[in-house]
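Take a look at the structure below.
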Amino acid sequence: MTGNKPPSRDILSEFWAPVCAVGSHDGRGPNAQICVSVLGASVVPERPRLLVSLWKSNYTHELVTGSGTLSITVLSEAQAGLVEVLGMRSGRRYDKLAGIEFELDDEGDPTFPGAAGRMAGAVIDSMDMGDATSFLVAVRARERDSAVAPLTRWRMNELLGPGFVEQWAQIAAARAPHYRTQMSWLEGG
Ligand SMILES: Cc1cc2nc3c(=O)[nH]c(=O)nc-3n(C[C@H](O)[C@H](O)[C@H](O)COP(=O)(O)O)c2cc1C
């Protein structure tokens with residue numbers, strides 16, 4: 001009997017956020033990266049907060065740390081192509097946003113039209129995780145297109161195909177040794 005048995009996936013994958021683009025800026029202009037580490041962190045409706053974890057080696061991390069603001073675009077399926085543009089290479093040395101349609105919020109942080117949702121946020125606090133920083137973010141403005149479904153990571157893999165999945169696995173594997181030396185972990189672990 002197969003019934004409605006859910007697919008067998010690592011339980012940790014249930015904690016991946018919808019695929020988001022996190023943006024920020026400095027005096028040179030805006031930049032954005034892909035992020036699936038975004039989690040709701042408030043029960044007070046008029047004070048919405050999110051936890052957003054960014055790897056320290058990312059240019060966007062530097063921009064968020066410097067400006068104290070960030071934008072979050074919850075990507076739609078039609079925007080899956082942005083994952084390859086924003087998530088596979090750093091914008092530190094070239095303008096990743098050149099040729100992409102984007103809008104700047106009041107702080108100068110970029111969001112991407114055609115999304116399931118867009119938010120503007122300000123950093124309240126942060127936790128150093130060694131290899132990454134978890135930013136506690138106050139959501140100052142938000143909009144939702146209820147006709148557009150958020151892009152899940154599984155659907156992203158289907159849309160971008162096995163070539164993308166393999167390439168991302170290779171990038172992650174190549175970075176892991178460095179992060180292993182930097183990350184906070186249990187003593188003696
Ligand atoms: C599917 C996917 C998920 C990702 N999730 C995260 C994440 O949760 N946090 C993070 O810091 N980087 C994440 N990344 C990696 C960044 O998007 C990537 O390192 C990007 O090139 C950084 O760009 P920047 O240096 O211009 O900021 C993800 C990338 C992909 C493709």
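The values are calculated or read from the model by the stated rules, or taken from the named source; none is laboratory data. Treat the numbers as computed from the prediction; the structure is a model and nothing was measured. With ideal geometry, Cβ positions are generated from the backbone for all residues, glycine too; neighbour counts draw on all protein chains shown. SASA here: full protein model, heavy atoms, side chains in, ligands and nucleic acids out. Shrake-Rupley method; radii C 1.70, N 1.55, O 1.52, S 1.80 Å.
Structure data summary
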quantity: Two-decimal Rg to Rh for the chain - Kirkwood Rh, Cα set; calculated: 0.96
quantity: Tensor-based shape of segment 87-189 (alpha-carbon gyration tensor, a/c under 1.5 rounded, otherwise prolate or oblate); calculated: oblate
quantity: Among 76-83, 36-43, 148-155, the order from most to least packed when residues are scored by Cβ within 10 Å on average; calculated: 76-83, 148-155, 36-43
quantity: Segment 14-182: relative contact order in percent, alpha carbon pairs under 8 Å with at least 6 residues between; calculated: 26
quantity: Dipole magnitude of the chain, debye to nearest 20 (Cβ charges: Lys/Arg +1, Asp/Glu -1, about Cα centre); calculated: 340
quantity: Residue-level accessible surface for Asp26, protein heavy atoms, 1.4 Å, Å²; calculated: 50
quantity: Solvent exposure, largest accessible area first (probe 1.4 Å, DNA, RNA and ligands not counted), of Asp131, Asp125; calculated: Asp125, Asp131
quantity: Peptides ranked, highest mean first, by Cβ atoms within 10 Å: ranges 137-147, 106-116; calculated: 106-116, 137-147
